[in-house]
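Trainee: Just passing along the structure, written as structure tokens.
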Amino acid sequence: AAATKNKVKGSQGQFPLTQNVTVVEGGTANLTCRVDQNDNTSLQWSNPAQQTLYFDDKKALRDNRIELVRASWHELSISVSDVSLSDEGQYTCSLFTMPVKTSKAFLTVLGVPEKPQISGFTSPVMEGERMQLTCKTSGSKPAADIRWFKNDKEIKDVKYLKEEDATRRTFTVSSTLDFRADRSEDGVVVSCRVDHESLNSTPQIAMQVLEIHYTPSVKIISSSSWPEEGQSIVLTCESKGKPLPEPVLWTKDGGELPDPERMVVNGRDLRISFLNKTDNGTYRCEATNPIGQNSTEYVLIVHDVSNTLLPTTVIPSLTTATVTTTVALTTSTATSATAISTRDPNALAGQTGPDHALIGGIVAVVVFVTLCSIILLGRYLARHKGTYLTNEAKGAEDAPDADTAIINAEGSQVNAEEKKEYFI
């Protein structure tokens, strides 16, 4: 009776316990059924087709993929290896009490997406052309997620398409990236990333490096901002393009370089030695590749050699005050001209402008000569007037008496006044 009572009491607590299982296709699924209290009652696992797999520790279905893991009164565990999508479904653990008690365990099999492929890319692509890249992956269950990146920067608002495969168990997923080719994207890595729960947080990635061809861009860099006579200058033609334009073409004023001995082209550099005023002009650099051509120009102005001591050398007879003033004025003018020209050495205005130091010297010479002329003329006039008055006074000394002398003297004063007025 006690045994019966325990049996009855035990049968009330006999409930099989199972858990749902998720496994990746090709992996191994472990199905476990536990009973906390069991009085020697048998346990059984059956598949979704209600075929018995194991009854206690006895194998009932001939399938080499199914093996016994553990069998006791409290547990029956089996494993299914190399799981396929067709193995998915509801498995049943049965405890043969009166009545039979069961517990369900659902086996979910994940379809692993195939490695994605990028299609639609042609190399090279011309700048401005429209590009449509499509990334596709099949075999995912549930449907995989596709994301696009350009150099690790995600691209949003991309078309997404999901289709069922022929087996109606898995999906083929595709996504299309639509954009226009730009030179800034040459060499950019475009990647298609497939995320899926079967991949254990390690996405599958397909990559494509963009190759975009574009017309050259050209820029001229000068080695000197203030080229002077006798110096050398190097003009560098920086050209970028895909394919790289090589070589570049240098011309002057629309024609060939006039002096090949002094004007030497080395790669992208044009070197002009012993500059002189004949080198003034417009130099053009032209770069060409199979896509097109481009050019830019540089206006060369050769300046006179700087010399602020020129006025002192030309006029050594100037006084100290005059020299100081002239030199200061000339220096200020030359410095100002230099500063203005330095801002824009390529300015078209004033290409052959006169040297300001030379102009200052000439002005100083003219002023000095004028002053000397005025002084000499003044001295001459003063000397002439004095002589005339002296001669008139001598005429009074020859008079026979004093009255006549006074009269002659007065007459001479009158005449002198008249003559003075005339000369003045």
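Trainee: How much accessible area per residue does the stretch 35-134 have, in Å², with a 1.4 Å probe?
Mentor: It amounts to 53 Å² per residue over the stretch 35-134.
Trainee: Something else now. I'd like the carbon and sulfur percentage of the solvent accessible area for the stretch 73-199, probe radius 1.4 Å, heavy atoms only, ligands and nucleic acids excluded.
Mentor: 47
Trainee: Compare the peptides 97-106, 135-144 by average per-residue count of other Cβ atoms within 10 angstrom and give them in order, highest first.
Mentor: Descending mean neighbour count gives 135-144, 97-106.
Trainee: Please state, as a whole number in µm²/s, the translational diffusion coefficient that the Stokes-Einstein equation yields for the stretch 43-94 at 25 °C and 0.890 mPa s, with Rh defined as the Kirkwood radius across alpha carbon pairs.
Mentor: Using the Kirkwood radius from Cα pairs, D works out to 219 µm²/s.
Trainee: Turning to a different aspect of this structure: Pop the C-beta distance of residue 98 and residue 202 into the FRET formula with R0 = 41 Å and round what comes out to the nearest 0.05.
Mentor: 0.20
Trainee: Related question: On the first, second and third principal axes, largest extent first, how far apart are the outermost C-alpha atoms of the stretch 42-193 in Å?
Mentor: Reported extents, whole Å, longest axis first: 78, 25, 23.
Trainee: Quick one: if you stick a label point 7 Å off each Cα along the C-beta vector at residue 228 and residue 296, how many nm between them?
Mentor: Roughly 2.8 nm, to one decimal.
Trainee: Follow-up. With just the Cα atoms of the stretch 169-226, tell me how far they stretch along each of the three principal axes, in Å, largest first.
Mentor: For the stretch 169-226, the Cα spread along each principal axis is 76, 23, 12 Å.
Trainee: Past the 29 Å Cα-Cα mark, which pairs from 104/136; 240/277; 150/240?
Mentor: 104/136; 240/277
Trainee: Once fully extended, how much extra length lies between residue 264 and residue 20, figured as 0.36 nm per residue of separation less the alpha-carbon to alpha-carbon distance?
Mentor: In short, 79.6 nm is gained.
Trainee: Let me ask something additional. Taking 0.36 nm per residue of sequence separation and subtracting the Cα-Cα distance, how much length would be gained by fully extending the chain between residue 28 and residue 274, in nm to one decimal?
Mentor: Here the segment from residue 28 to residue 274 would lengthen by 80.1 nm.
Trainee: If each residue of separation counts as 0.36 nm, what is the full-extension length gain between residue 50 and residue 249 once their alpha-carbon separation is subtracted?
Mentor: 63.2 nm
Trainee: Take residue 182 and residue 155, extend 7 Å from each Cα along the Cα→Cβ direction, and tell me the distance between the two endpoints in nm.
Mentor: Each label point lies 7 Å from its Cα, and together they span 1.2 nm.
Trainee: Per the 1.4 Å probe, what fraction of the accessible area of the stretch 216-308, in percent, lies on carbon and sulfur atoms?
Mentor: 49
Trainee: D for the stretch 51-138, whole µm²/s, Stokes-Einstein with Kirkwood Rh over alpha-carbon pairs at 20 °C and 1.002 mPa s: what number?
Mentor: Result for D is 122 µm²/s.
The values are calculated or read from the model by the stated rules, or taken from the named source; none is laboratory data. All of these numbers come straight from a predicted model, not from anything done at the bench. Methodologically, a virtual Cβ is constructed for each residue, glycine included, from the backbone with ideal geometry; neighbour enumeration extends over all protein chains shown. Remember, those area values only see protein heavy atoms, side chains included, never the ligands or the DNA or RNA. Shrake-Rupley method; radii C 1.70, N 1.55, O 1.52, S 1.80 Å.
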